[in-house]
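Undergrad: My structure is below; once you've seen it, I'll send some questions.
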Amino acid sequence: MEYPHLFSPIQLNKLTLRNRIVAAPIGELYEPKARGGAGLVVCGHTIVEPGRSSFASGEEPTAFFKYEVEKTRQKIRACHRYGARASIEIFHAGQYARVKDHAWGPCSLIREDGVEVKALDSAEMERIAGLFAEAAQQAKTLGFDAIFLHFGHGWLAGSSCRLCLIIEQMSTAEAYRTAPDSRC
């Protein structure tokens, strides 16, 4: 066998997975993925800032919105019922967000659709890093076993190394304190 440990349990800090198979958050097939043997099932995504961080719609609710909570818990229970662990992606679409007024990004610009993207300053980076922390705590409280910080597609934290540092360190490191104009 080329991957002799694929079906072996793995310990990730305090989290034990029954194997090393992670089911991607594609489709609504959480229960079949868990029943099929995945060790970790990623149960979709949630935004960190309603009205400002979704790539799909300015109206997208978070998984923690009061009308979404029971649906989200059902996904978690479906995974746990078959021995899988449940995870969720948290993200902020940044300059690609569908918004009514302005989006946030590493630098100021006007998108092709006419939406203004405002450059993040240190205070805004701290605020958004706090939103990531809050979303992670809400995920834990709801019963998720893990979270993925989704920084792909040029979304906010992925497009701003400085914000990524804040989220990682949650500190006031000088590393990200540059003028917004010097980021582009």
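The values are calculated or read from the model by the stated rules, or taken from the named source; none is laboratory data. Values in this document were obtained by computation on a predicted structure and should not be read as measured data. Don't worry about glycine lacking a Cβ; one is built from the backbone with ideal geometry, like all the others, and counts go over all protein chains shown. What goes into the accessible areas is simple: the full protein's heavy atoms, side chains included, and nothing from ligands, DNA or RNA. Shrake-Rupley method; radii C 1.70, N 1.55, O 1.52, S 1.80 Å.
Undergrad: For the stretch 84-93, check the following and say yes or no: at least one residue is among the basic types (Lys, Arg), farther than 20 Å from Phe151 by Cβ, surrounded by 15 or more Cβ atoms within 10 Å (Cβ to Cβ) and in contact with a strand residue (DSSP E or B) (Cβ under 6 Å, 6 or more places away or on another chain).
TA: yes
Undergrad: Right, something else. Write out, first by first residue and then by second, each pair whose Cβ atoms fall under 9 Å of each other, whose residues are 6+ apart or on separate chains, and whose first residue, in the stretch 76-105, is at positive phi while the second is among the hydroxyl-bearing types (Ser, Thr, Tyr) and at pLDDT below 90.
TA: Going by the 9 Å Cβ cut-off, the qualifying pairs are Gly94/Ser53; Gly94/Ser159; Gly94/Ser160.
Undergrad: Next question, about the same structure. I'm told Ile88 meets every condition in (1) outside any strand (DSSP E or B); (2) over 17 Å from Ile128 (Cα atoms); (3) modelled with pLDDT of 85 or more except one. Can you identify the failing condition by its number?
TA: Ile88 satisfies every listed condition except (1).
Undergrad: Further question on the same structure: Can you confirm whether Gly143 is open to solvent by 20 Å² or more (accessible area, probe 1.4 Å), more than 19 Å from Ile26 (Cβ to Cβ), of a type in the set (Gly, Ala, Ser) and in contact with a Ser or Thr (Cβ under 9 Å, 6 or more places away or on another chain)?
TA: Taking the combined requirement at face value, the residue satisfies it.
Undergrad: Cβ-Cβ distance below 8 Å, separation of 6 or more or different chains: which pairs start in the stretch 133-144 with a residue that is assigned to a loop (DSSP other than H, G, I, E, B) and end on one that is surrounded by 14 or more Cβ atoms within 10 Å (Cβ to Cβ) and small (Gly, Ala, Ser)?
TA: Gly143/Ala86; Phe144/Ala86; Phe144/Ser87
Undergrad: Scan the stretch 41-58 and give yes if some residue there is touching a residue at least 60 places away in the same chain (Cβ under 8 Å) and of a type in the set (D, E, K, R), otherwise no.
TA: Yes - at least one qualifying residue is present in the stretch 41-58.
Undergrad: Considering the stretch 31-58 alone, what residues qualify as being within 30 Å of Asp113 (Cα to Cα), outside any strand (DSSP E or B) and open to solvent by less than 20 Å² (accessible area, probe 1.4 Å)?
TA: Within the stretch 31-58, Val48, Ser53, Ser54 meet the criteria.
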